[in-house]
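A short write-up of the structure that comes next.
The values are calculated or read from the model by the stated rules, or taken from the named source; none is laboratory data. Here the structure is a predicted model, which means the values were calculated and not measured. Heads up, the Cβs are rebuilt from the backbone with ideal geometry, glycines too, and the neighbour counts pull from every protein chain shown. Areas reflect the complete protein model, heavy atoms only, side chains present, ligands, DNA and RNA absent. Shrake-Rupley method; radii C 1.70, N 1.55, O 1.52, S 1.80 Å.
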Amino acid sequence: MLAFTIRRLFEALVVMLTVALLAFVLFRYVGDPVSQMVGQDTSLEDRTRLRLELGLDDPVYIQFARFVGNAVRFDFGISYQVKQPVTRLIAERMPATIELALAAALFAVALGIPMGVYTGIHRDSWLSKLFLTVSLIGISLPTFLIGILLIYIFAVWLNVLPSFGRGDTIPIGFWRTGLLTASGLKALVLPAITLGLFQMTLVTRLVRSEMLEVLRTDYIKFARARGLPERAINFGHALRNTLVPVITVIGLQLGSIIAFAIITETVFQWPGMGLMFIQAVQHADIPVMAAYLLLVAFLFVLINFIVDLIYVRIDPRIRILRRGA
Amino acid sequence: MPDSVLSVRDLRVGFATRHGTLVAVDGVSFDIAPGEVLGVVGESGAGKSLTGAAVIGLIEAPGRITSGEVWLAGRRIDTLGAEAMRKVRGRRIGMVFQDPLTSLNPLYRIGDQIVETIRAHANVSEDTARERAIALLQEAGIQGARARIDSYPHEFSGGMRQRVVLALALCAEPDLLIADEPTTALDVSIQAQIIALLKRLCRERGTAVMLITHDMGVIAETADRVAVMYAGRIVEIGPVREVLRNPRHPYTKGLMGAIPTIAARTGRLVQIPGAMPRLAAIPTGCAFHPRCSQAFDRCYSERPERMPAGAAEAACWLFAEPTRVHA
């Protein structure tokens, strides 16, 4: 288990360094950082001085080493656009995105798994067909359209939920949470559903197909022949056997939820990293983009690592493989 | 037979398809006495496994019992509701499947699976159930059962797993065990051990066995009586010695002839010409007539019911008494 952990950590390091290289290339070679920072009327001497100060004359590998060294210390430089440290910008924006992403994932899993189990067991019931039809809509409608539809129904027409923003937030250390205020929670509902709907349909369909697969296996037949109650068979024996692929997908999707919250955050003017990223792109704010890239990569790596650890808990056969490896 | 454990009467199992209902088990009747081992043999697709599944109420859709009755110790069970039937399964009728490698849930310790089954049928504490499970595993020939009860299925070999499966099938002390090809997936060297174990465990408990197999050797070794199935029907049934030594039905004769023996190593194996018909194309009259060397007019048009043939019964016109009147 320890060897496994170390190996995975090493792999994660390689991934992070590769992404860092991409981010560095983006930072260093997409446009000239100096002319991004200074005004049109800055003199040539001033530009040269700034170039020297920033170390942009050093060999590339030294610049890259410096970039990585800074990134490790969470120093991504100054945003061109708002002239603030990128780290502070991200620290301000990250809680909003993380809370939104987790709420969306929770929504997707809490509804998707039961719906998947139900449609897997009761293949031909009308409710299953309804679920599958709804999930088809969830898969085929683009996120922004779902968001706008939800805003139209719940904010404009019924007027029960806010159409934009995050509501009131309370600081806990550096983390500003919207989960502890009524308006914060209300503001979370529509964006979370918008962001989570696609994932929910994905989870439903995945759990359904896995259930159909598992319910055909001999050990389920044998469990029936032993006279176990249906509940124990469906949830104890069948569902658990579907979890390894389901957790893989949920893990990967959680990464995508965070990375691609951009559209939802734009529709709902949610003050998270996605909105920050869009604004950074619009203003060619390379340091912010580079930092965002690194952060998203880091989250993917972290989630995958956690998923691997969960596998081991679920499936005893993986323990053997790992021990042997 | 009022004292039989299992009594199947004129059982029919059909599959509804677009082209009408295919009859896979067609008018099967048999009895199993307490403690008796009935072997059921036949080629693949003869309806052996489906008959077993029908008895325990586990036919998968779109198949279903279309007519007939199944009686367990004097109680009709084919009409029971889902929950009542669940209580019969495991507790009154146990079942073992072909492949021990896939019969156990890979994610649960074997002990948990046994304890779960015991507690699904008896109101006992976790500890009591666990003690019972250990005793049972010991009996099933798992060395050091107390230590191995917390192992996962993949930590056992195929033969060991089939021992665990047997222990599981018998843990709620059923009156009848349906063993569906219990040794087919195992190494030949292990097969004999598992059959011996099955025999011993069932004899000690007085459990009746319906042993489904296509292995005549297993039948000869284990069964008291044997039923030979062909195209969804029992073509011959009788005491095992009688049927094996002196088969009456031409199909049974063919089956016996197809068994290679070391004593008679003379050239080619005997084979029955042709193949068993598909369900959609079962011949008229006796389903075996296209392959039968002794078929005559009557076999083409009239379907034979079972009639006495020596100490056994065979569904074959060769044994019709000229004076007998058939309904």
Heavy atoms of the protein only, probe of 1.4 Å, neighbouring chains included. What is the accessible area of B:Y230 in Å², nearest 10? 0
Would you kindly find the accessible area of A:S35, with a 1.4 Å probe and non-protein molecules such as ligands, DNA and RNA excluded, rounding to the nearest 10 Å²? 60
Counting only residues 5 or more apart in sequence or on a different chain, those whose built amide H sits under 5 Å from that of A:I78 are A:V86
How long is the gain from B:E321 to B:S157 if the chain were fully straight, where each residue apart is worth 0.36 nm and the alpha carbon distance is subtracted? 53.7 nm
If amide H atoms are built 1.01 Å from N in the plane of the peptide, which residues on other chains or at least 5 residues away come under 5 Å of the amide H of A:T177? A:I170, A:I172
Computed over chain A: longest principal axis from alpha-carbon atoms vs helix A:273-282 long axis, angle to nearest 10 degrees, is 40
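If you take the beta carbon distance between A:E230 and B:R245 as r and set R0 to 60 Å, what does 1/(1 + (r/R0)^6) give as a FRET efficiency, to the nearest 0.05?
Numbers: r = 47 Å, r/R0 = 0.78.
The computed FRET efficiency comes out at 0.80.
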Taking amide H positions as placed 1.01 Å from N in the peptide plane, with prolines and chain starts having none, which residues 5 or more places from B:S29, or on another chain, fall under 5 Å of its amide H? B:D10, B:L11, B:I234
If you plug each phi of the range A:289-295 into the Karplus form 6.51 cos²θ - 1.76 cosθ + 1.60 with θ = phi - 60°, what whole-Hz ³J(HN,Hα) values come out, in order, with x for Gly and Pro? 5, 4, 5, 4, 4, 4, 5
How many angstrom lie between the C-alpha centres of the range B:1-45 and the range A:254-325? 58
Report the Cα-based extents of chain A along its three principal axes, largest first, to the nearest Å. 85, 60, 35
In the range B:106-172, what percent of the accessible surface is made up of carbon and sulfur (1.4 Å probe, ligands and nucleic acids excluded)? 44
Whether the range B:106-172 is rounded, prolate or oblate, judged on the alpha carbon gyration tensor where a/c under 1.5 counts as rounded: prolate
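Whole number in Å², please: accessible area per residue of the range A:86-324, 1.4 Å probe, ligands, DNA and RNA not counted. Intermediate values should be presented prior to the final figure.
On the way: 10820 Å² over 239 residues.
That works out to 45 Å² per residue.
Roughly how crowded by other chains is peptide A:210-220, in terms of the mean Cβ count from those chains within 10 Å of each of its Cβ atoms?
Working: counts 0, 0, 0, 0, 1, 1, 1, 4, 10, 13, 3.
Averaged over the peptide's residues, the number is 3.
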Using only the alpha-carbon atoms of the range A:2-72 as identical scatterers, what base-10 log of I(q)/I(0) does the Debye formula give at q = 0.12 Å⁻¹? -0.45
How large is the accessible surface of B:W71 in square angstrom, using a 1.4 angstrom probe and rounding to the nearest 10? 90
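Return the average number of partner chain Cβ atoms within 10 angstrom of each residue Cβ along peptide B:110-120. Walk me through the numbers before you get to the answer.
Details: counts 0, 0, 1, 6, 1, 0, 7, 7, 1, 1, 6.
If you average over the peptide's residues, the count of other-chain Cβ atoms is 3.
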At 1.4 Å probe size, put B:H19, B:H289 in order of accessible surface, largest to smallest. B:H19, B:H289
By average Cβ neighbour count within 10 Å, what is the ranking of B:217-229, A:49-61, A:244-256 from highest down? B:217-229, A:244-256, A:49-61
Mind checking the full-extension length gain between A:I170 and A:L127? Use 0.36 nm per residue of separation minus the Cα-Cα distance, one decimal, nm. 11.3 nm
With θ set to phi - 60° and the Karplus curve 6.51 cos²θ - 1.76 cosθ + 1.60, what are the ³J(HN,Hα) couplings of the range B:73-88 in order, to the nearest whole Hz, using x for Gly and Pro? 6, x, 10, 6, 10, 6, 9, 5, x, 4, 6, 5, 5, 4, 5, 6
The relative contact order of chain B, taking Cα pairs under 8 Å that sit 6 or more residues apart, comes to a percentage of 20
Determine which residues of the range A:94-116 fall in the zone a paramagnetic label at A:I314 would reach in this model, i.e. backbone nitrogen under 16 Å from the point 7 Å along Cα→Cβ. A:106, A:108-116
Limiting things to C-alpha atoms, what are the Rg and the maximum Cα-Cα separation (Dmax) for chain B, in angstroms? 20.8, 68
For the range B:287-295, 3J(HN,Hα) per residue [Karplus equation, 6.51 cos²θ - 1.76 cosθ + 1.60, θ = phi - 60°, Hz, x = Gly/Pro]: 5, 8, 4, x, 9, 8, 7, 9, 5
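Quote the FRET efficiency, to the nearest 0.05, computed for B:A220 versus B:E126 with a Förster distance R0 of 35 Å and r equal to the Cβ-Cβ distance. Intermediate values should be presented prior to the final figure.
Working: r = 43 Å, r/R0 = 1.22.
Taking R0 as 35 Å, the efficiency between B:A220 and B:E126 is 0.25.
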Count, for each residue of A:309-317, the Cβ atoms from other chains sitting within 10 Å of its Cβ, then give me the mean as a whole number. 2
Extent along principal axes [Cα atoms of the protein assembly as shown; Å; largest to smallest]: 124, 57, 54
Cα axis of helix A:240-259 to longest principal axis of chain A: angle in degrees, 0 to 90, nearest 10? 30
Mind listing, in residue-number order, the residues in the range B:55-92 that have at least 30 Å² less accessible area with every protein chain present than in their own chain alone (1.4 Å probe)? B:L58, B:E60, B:R86, B:R89
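Can you give the accessible area buried between chains A and B, summed over both chains, with a 1.4 Å probe, in Å² to the nearest 100? Please report the intermediate quantities before stating the final value.
Working: alone 17730 and 15910 Å², together 31420 Å².
That pair hides around 2200 Å² of surface in total.
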Computed FRET efficiency, Cβ-Cβ of B:A311 and B:E43, R0 41 Å: what is it to the nearest 0.05? 0.95
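At a threshold of 8 angstrom on Cα-Cα distance, excluding pairs fewer than six apart, so keeping six or more, what relative contact order does chain A reach in percent? Can you show the working numbers first?
On the way: 369 pairs, mean separation 83.3, N = 325.
Over chain A, the number comes to 26 percent.
Can you check what the net charge comes to around A:R166, using other residues whose Cβ is under 9 Å from the Cβ of A:R166 (Lys, Arg +1; Asp, Glu -1)? Before the final figure, lay out each step's value.
Values: positive: A:R176; negative: A:E99, A:D168.
That sum, taken over residues with Cβ under 9 Å, equals -1.
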